[in-house]
Amino acid sequence: MMDEDMESGALGSYHDRPRTFPNMRTKPYTPLIFRVLLGVNVRVLFVLLLLGFGAIFYLAARTSPIIVFVISICIFSFLVAIYLMKWVLAKDEGPPEMVQIADAIRDGAEGFIRTQYGTISKMAMVLALVILGIYLFRRITPQQEASGIGRTTSAYITVASFLLGAICSGSAGYVGMWVSVRANVRVSSAARRSAREALQVATRAGGLSAIIVVGMAVIGIAVLYATFYVWLGVDTPGSMKVTDLPLLLVGYGFGASFVALFAQLGGGIYTKAADVGADLVGKVEQGIPEDDPRNPAVIADLVGDNVGDCAARGADLFESIAAEIISAMILGGTMAQKCKIEDPSGFILFPLVVHSFDLIVSSVGIFSIRGTRESGVMTPMEDPMAILQKGYSVTIVLAVLAFGLSTRWLLYVEQAPSAWFNFALCGLIGIITAYIFVWITKYYTDYKHEPVRTLALSSSTGHGTNIIAGVSLGLESTGLPVLVISVAIVSAYWLGQTAGLIDETGNPTGGLFGTAVATMGMLSTAAYILTMDMFGPIADNAGGIVEMSQQPESVREITDVLDAVGNTTKATTKGFAIGSAALASFLLFSAYMDEVSSFSLEPFKQVDIAIPEVFVGGLLGAMLIFVFSAWACAAVGRTAQEVVNEVRRQFIERPGIMDYKEKPDYARCVAIVASASLKEMIKPGALAIISPIVVGFLFRILGYYTGQPLLGAKVVAAFLMFATVSGILMALFLNTSGGAWDNAKKYIETGALGGKGSDAHKAAITGDTVGDPFKDTAGPSLHVLIKMLSTITLVMAPIFL
């Protein structure tokens, strides 16, 4: 049509012409599971659902009333999610040009996710076969042998748990993407009427994803626990004890970590390569605004927000919650066994109850954010961050009350009547730690505070000073979070140790469980934290749709403010994720040492880094963090180069793009980024999985020939410790510096220091470009890597002995 208009001379102003955007798929795509369900008769489907829920509640009732409570809350939360979904989808999508852009984004995101998850599923099947082979020939613990669980049963249980964890983690990521690609255009449309309404739509869309992700993590572990409990006849004569059951769930955490790592790597490479390519050529070389429809990479950039920030973050937080729950269940069972607690189920199932209450209190926080009463009227701009913080404050207050109730209900024991109160204080420490983490990250990344404004000021003297200031800000930002984590771990450990629970020899044993409870406290508002995280990319996409569809400047001002707040919420939730990863990794490390003791029948309480081989293991762990980060950033750089070359080619070969006389080939950039990111994610991901296995196995062989039977396990322990410590610091540096660079650019774009197009703005764009792979690829992937290293060593522990 455009060619015909050019030949006839009927080409008018771009603003006067209907704007069309390419459809990036040949036919509508519906996932196989949905196609199957849609083909089933409604009555048959209803009966099947009733039977499924009946079976679940039967297993729960046979296991524990606590499991019945947990599953009931999860089902209720899914009903809340259905209400939110209907509410969000009932909002209008705006004019046709908005819908066309949103359709292009949706098609690109769904196509990439389909291909990416296909690749991940193939790798997961290969790894499942490897795990099966290892477990069929490994040694088993005396507890498993006494309960009649042989190698074959143990192998199939672990593989089934691994695959279920991988499927649930992938589903969590898909849900995040599915919601975001449908909510973005509705936020854009709402911004035409009211800033508060746009904020409400974005928040409720993020809340929808968050509730489903957290609910899936909790109900998945609860159903798996109940299934194993009934199938294995736990706590019956001659069978497994309930305190040993949580160890069978480790495969679930590993499967979730495996998918989350590759989802984060692939999505992060995709989103930042497209973003860097679009910014370098569009903003710097051509001088056109962000998300301008003339930029050939703009659709790829907007697709990247969904696959990198929504899908990957959904899988990431799912994995965080799963790892924390399983490690706390293991430590709770171990402590209950040592203290000879008559009914240990309260200590084991406590994490599931905490996250069930999380679903309730976070839902209240989400619903506390309301739209304006006046519909159809543009209301004065409010501070979206203040509104979100009010919702978070409501959630925290309710979380404190729910946590106190949970500890009194489940952790009260007659032999130590005040222990529940100490553990409640541990939870309070975790909740306070989460709040402080959010505040610290906000301070370093929000342009209302001095650090980002100082960084923006450095842009006025050039690109180099901007980079120097950003790096120094990121390095400095590691200080306060590490101090907070240190105080939290020591305080929670001390409170747990003085709770009054003692073992047979009279030694206090509650320290590690105290840190586990603090971790649960930190994650007790996880659903609301994920809501704020999902808010960011949805608002970013909404701003892109508004810009591409040439909406009035007043609408773009609203989405710009939401986008800037979204950058801050994304940064704060990444800081929160790093803090929770640090605590969860500490728990998983303790669980690993307990498992080594169970398999080796020797005490394994400490690791001596003065032993040369052990120290080398630590060095290798620290090295992994740096090499992994380097490969992740390099992957973004290589993919971005392909995008830059393609965008430059299109501007040269199609000069009419700049005058709106020719349309860019958006699909070409999407195809380039999708193909390259899938290829580039393999190398760093494979390094992360293979490294601890190879290190542990090689040093096990060395220990065999040098008369050190536990050398492999000790070296892997040092590997884990050094990797965790260096990984936390590196992730804090990368996430905070990247977020600060981004918001320094946003601050200048508000009109400060010369505003858009100024020399300071160009320098800030350079800083933002450098920070893109930091904050959205390497940084988020690192805290997934930290937890995955812990879960993979738990699963593979037998081969190190």
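The values are calculated or read from the model by the stated rules, or taken from the named source; none is laboratory data. All values derive from a computational prediction rather than experimental measurement. Neighbour counts run over all protein chains shown; Cβ positions are idealised from the backbone, glycine included. Accessible surface areas use protein heavy atoms only, side chains included; no ligands, DNA or RNA. Shrake-Rupley method; radii C 1.70, N 1.55, O 1.52, S 1.80 Å.
Just a few scattered comments:
- Averaging Cα coordinates gives a centre for the stretch 307-322 and one for the stretch 325-354; these two points are 26 Å apart.
- Length-normalised contact order of the chain in % [C-alpha pairs under 8 Å, at least 6 apart]: 19
- Global form of the stretch 438-571, assessed from the alpha-carbon gyration tensor, a/c cut-off 1.5: oblate
- For Lys338, the lysines whose Cα comes closer than 19 Å to its Cα, not counting residues fewer than 8 places off in the same chain, are Lys241, Lys605.
- Three-way shape call for the stretch 39-128 based on the alpha-carbon gyration tensor, with the a/c threshold at 1.5: oblate
- Within the chain: Cβ-based charge dipole about Cα centre, in debye rounded to nearest 20 (Lys, Arg +1; Asp, Glu -1): 1240
- Using C-alpha pairs under 8 Å with a sequence gap of at least 6, the mean separation divided by the residue count of the stretch 647-763 gives a relative contact order of 10 percent.
- Taking 27 Å as the limit for the C-alpha separation, the pairs Lys122/Lys272; Lys283/Lys448; Lys91/Lys762; Lys570/Lys787 exceed it in the case of Lys91/Lys762.
- Anisotropy class of the chain from Cα gyration tensor, a/c 1.5 cut: prolate
- For the stretch 343-351, putting each phi into the Karplus relation 6.51 cos²θ - 1.76 cosθ + 1.60 with θ = phi - 60° gives couplings of 10, x, 4, x, 5, 6, 8, 3, x Hz, in residue order, rounded to whole numbers and with x for Gly and Pro.
- Among Ala686, Gln650, Ser675 - extreme Cα towards positive end, dipole of the stretch 617-736, charges at beta-carbon: Ala686
- Residue among Ser737, Tyr704, Ala723 farthest towards the positive dipole end of the stretch 661-776, charges placed on Cβ: Tyr704
- Calculated accessible area for the chain comes out at 36 Å² per residue, all protein chains present (probe 1.4 Å; ligands, DNA, RNA ignored).
- Charge dipole magnitude, Cβ of K and R +1, D and E -1 - the stretch 80-207, Cα centre, debye nearest 20: 240
- Share of carbon and sulfur in the accessible heavy-atom surface of the stretch 716-801 [1.4 Å probe, %]: 66
- For the stretch 225-328, GluC sites (Glu not before Pro) are listed when DSSP marks them as loop and at most 12 other Cβ atoms sit within 10 Å of their Cβ; the list is empty.
- Chymotrypsin sites (Phe, Trp or Tyr not before Pro) within the stretch 510-568, DSSP loop, no more than 16 other Cβ atoms inside 10 Å: none
- For the stretch 394-469 and the stretch 42-94, distance of Cα centres in Å: 31
- Here's how it looks for Ala416: its modeled amide H is under 5 Å from none belonging to a residue 5 or more places away or on a different chain.
- Using alpha-carbon coordinates, inclination of helix 553-600 to the longest axis of the chain, degrees: 20
- Based on Cα contacts under 8 Å between residues 6+ apart, the stretch 305-363 shows a relative contact order of 28 percent.
- Helix-only CD estimate at 222 nm, as mean residue ellipticity for the chain, using -39500 (n - 2.57) per DSSP H run (n ≥ 4): -26500 deg cm²/dmol
- Separation of alpha-carbon centers, the stretch 543-572 and the stretch 777-799, rounded to whole Å: 35
- Degrees, to the nearest 10: 384-410 long Cα axis against longest axis of the chain: 10
- When the solvent-accessible area of the stretch 433-563 is split by element, carbon and sulfur atoms take up 65 percent of it, the probe being 1.4 Å.
- Portion, in percent, of the accessible area of the stretch 88-218 that falls on carbon or sulfur, probe 1.4 Å: 62
- Across the stretch 252-263, rounded Karplus estimates of 3J(HN,Hα) from the backbone phi angles (6.51 cos²θ - 1.76 cosθ + 1.60, θ = phi - 60°) give 4, x, 5, x, 5, 5, 4, 5, 4, 4, 6, 5 Hz, Gly and Pro being marked x.
- Qualifying trypsin sites (Lys or Arg not before Pro) in the stretch 584-682, where qualification requires a DSSP coil assignment and no more than 14 other C-beta atoms within 10 Å, comprise Lys605, Lys661.
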